[in-house]
Amino acid sequence: MQTAHNQAIGEATGKIILMGEHAVVYGEPSLAIPFPKATIQTTVTQSKGPITIECIYHSGLLSTAPDRLANLVTVVDVSLKALRQEAKDFSLHITSSIPAERGMGSSAAVAVATVRALYNYFNEPLSHEQLLELVNVSEVIAHGNPSGLDAAMTSGESPLYYIKGQPFIPFSLSLDAYLVVGDTGVKGQTRDAVSSIATLMESNPEETSQDIHHLGELADKAKIAIEKNQPVEVGKLMHQAHLLLTKLGVSNNQLNHLVDAALEAGALGAKLTGGGRGGCMVALADNEVAAQEIVQSLNEMGTSSTWVYHLGGGSVE
Ligand code: MEV
């Protein structure tokens, strides 16, 4: 969206992976939903001289941005090359309500919003394929071996069933249930978690591939159970997925404590979501009262934030 002749903005949303994180990197199916409560916005404004950036991590020249912004620096660079524009004479301002490094796709979302803002600023059309291609270059920097799921989810509007390398398949969230999202308040470590599974795959290929394949089967079963509106079944599948992700070394104590607290408070199932080793977990509740009881219990365990998402209704509170 171009707001004035010398300014343009680009936006993206957060995402929640319901099932299949990590396994999706190895070609297994995954299920994810956009999370519109958490959004990010990049504004590009005309200025003179080298590119500057203002965001929570850095205020100053883009060329002196800290390493944690390497994916952003890269996405600006590849976008400008694709646009055949020089790297100067504008500033970037990024505002976000997506908690950073919590498995909600903040790294992909910042790249999506920034590519959109740059294309808007230079008045060039941007296809969804081009957008994903540019964002995935920066996701390699952020994640090492990205499946492409985060880029697709943070740039789209519908729940997606996704197998790496295949077209995204939108699916309907016809599940009469509530999803509670709890933030451990601790940064997730997607890159380390992805590479630790890669190491396991080398040291113990047979068992690790079986576990990864099992995660994919659980995602497939969950899709069917969602379509048949069977929340109890979905909850069981989520719990099994959490146990497998824990076995693969991508959970941690904080996540496990929140998952246990949610189950004790009556959740139908609970699991980590996203990269793991910190970040967020999700729990399934069969009605709003049950969801609030889970929220209370997560708060007592010290969650930094919680969200309640009405899956069937698609609304976020
Ligand atoms: C991170 O949000 C999801 C992972 O499956 C990595 C990826 O899909 O690129 C852990």
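The values are calculated or read from the model by the stated rules, or taken from the named source; none is laboratory data. Computed from a predicted structure; not experimentally measured. Don't worry about glycine lacking a Cβ; one is built from the backbone with ideal geometry, like all the others, and counts go over all protein chains shown. Heavy atoms of the whole protein, side chains included, go into the accessibility calculation; ligands, DNA and RNA do not. Shrake-Rupley method; radii C 1.70, N 1.55, O 1.52, S 1.80 Å.
List of remarks:
- Here A151, A113, A82, A70 are screened, and the one residue that is part of a helix (DSSP H, G or I), within 16 Å of the ligand (Cβ to nearest atom) and either among the small types (G, A, S) or at pLDDT 95 or above (or both) is A151.
- Per-region count, segment 226-241, residues farther than 14 Å from P159 by Cβ, at pLDDT 95 or above and not polar (S, T, N, Q): 9
- Any chance I98 is within 16 Å of the ligand (Cβ to nearest atom) and either of a type in the set (A, V, I, L, M, F, W, C) or open to solvent by less than 10 Å² (accessible area, probe 1.4 Å) (or both): yes
- In the set (1) open to solvent by less than 60 Å² (accessible area, probe 1.4 Å); (2) of a type outside the set (S, T, Y); (3) over 27 Å from P159 (Cβ atoms); (4) out of contact with any helix residue (DSSP H, G or I) (no Cβ under 6 Å at 6 or more places or on another chain), N253 fails one condition alone, (1).
- The set of residues in segment 45-67 that are in a strand (DSSP E or B) and either over 20 Å from N120 (Cβ atoms) or of a type in the set (A, V, I, L, M) (or both) comprises I53, H58, S59, G60, L61.
- Of everything in segment 116-140 that is within 12 Å of the ligand (Cβ to nearest atom) and open to solvent by 30 Å² or more (accessible area, probe 1.4 Å), the residue that is farthest from V76 (Cα to Cα) is V140.
- Within segment 210-231, the set of residues being open to solvent by 40 Å² or more (accessible area, probe 1.4 Å) and in contact with a helix residue (DSSP H, G or I) (Cβ under 7 Å, 6 or more places away or on another chain) comprises H214, K221.
- V181 being among the hydrophobic types (A, V, I, L, M, F, W, C) and either more than 22 Å from the chain's Cα centre (by Cα) or not in a helix (DSSP H, G or I) (or both): yes
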